[in-house]
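The values are calculated or read from the model by the stated rules, or taken from the named source; none is laboratory data. Bear in mind that the values here come from a model prediction, so they are computed numbers and not experimental data. Cβ placement follows ideal geometry from the backbone for every residue including glycine, while neighbour counts extend to all protein chains displayed. These accessible areas exclude ligands, DNA and RNA; they are computed on the full protein's heavy atoms, side chains included. Shrake-Rupley method; radii C 1.70, N 1.55, O 1.52, S 1.80 Å.
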Amino acid sequence: MKVTVRLPGALRELAGGARTLEVEVATPATIRTLLDAVCTGWPAIERRIRDETGVLRPHVNVFVGDANVRDLGGQEVELADGAEVHVIPAVSGG
């Protein structure tokens, strides 16, 4: 199945300038298997999204549609064919 991953500007350089990645993943797919595939195809992205233990970094938000995966079950969230996943850096200020 195919999933579209939308990248923020900070990660586009690591993906050859691409705004989106079309990623093929086996069914059933989860956020974890999707990120594994992204990081295999674009290894420089791995450490920006997940830490050395495979956990999503606290300053990175991953959304399926308009829902944050942290609110849905983390990396075990299942994906449908044609899903759009957004990787968004956290924004903070003072």
Starting from segment 5-33, keep only residues that are touching a residue at least 40 places away in the same chain (Cβ under 8 Å), then list their pairs with residues that are surrounded by 14 or more Cβ atoms within 10 Å (Cβ to Cβ) and assigned to a loop (DSSP other than H, G, I, E, B) whose Cβ atoms are within a distance under 8 Å, requiring at least 6 positions of separation or different chains.
LEU7/ALA18; VAL25/MET1; THR27/MET1; ALA29/MET1; THR30/VAL77; ILE31/VAL77
Residue list for segment 55-72, filter: open to solvent by 50 Å² or more (accessible area, probe 1.4 Å) and either over 18 Å from THR4 (Cα atoms) or in contact with a helix residue (DSSP H, G or I) (Cβ under 6 Å, 6 or more places away or on another chain) (or both):
VAL55, ARG57, PRO58, HIS59, ARG70, ASP71, LEU72
What's the number of the condition GLU52 fails, among (1) under 22 Å from MET1 (Cβ atoms); (2) of a type outside the set (A, V, I, L, M, F, W, C); (3) open to solvent by 50 Å² or more (accessible area, probe 1.4 Å)?
(1)
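Residue-wise test of (1) of a type in the set (Ser, Thr, Tyr); (2) assigned to a helix (DSSP H, G or I); (3) under 10 Å from the mean Cα position of the chain (by Cα).
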site	(1), (2), (3)
ALA10	no, yes, no
LEU34	no, yes, yes
THR40	yes, yes, no
GLU46	no, yes, yes
GLU52	no, no, no
ASP71	no, yes, no
ILE88	no, no, yes
VAL91	no, no, no
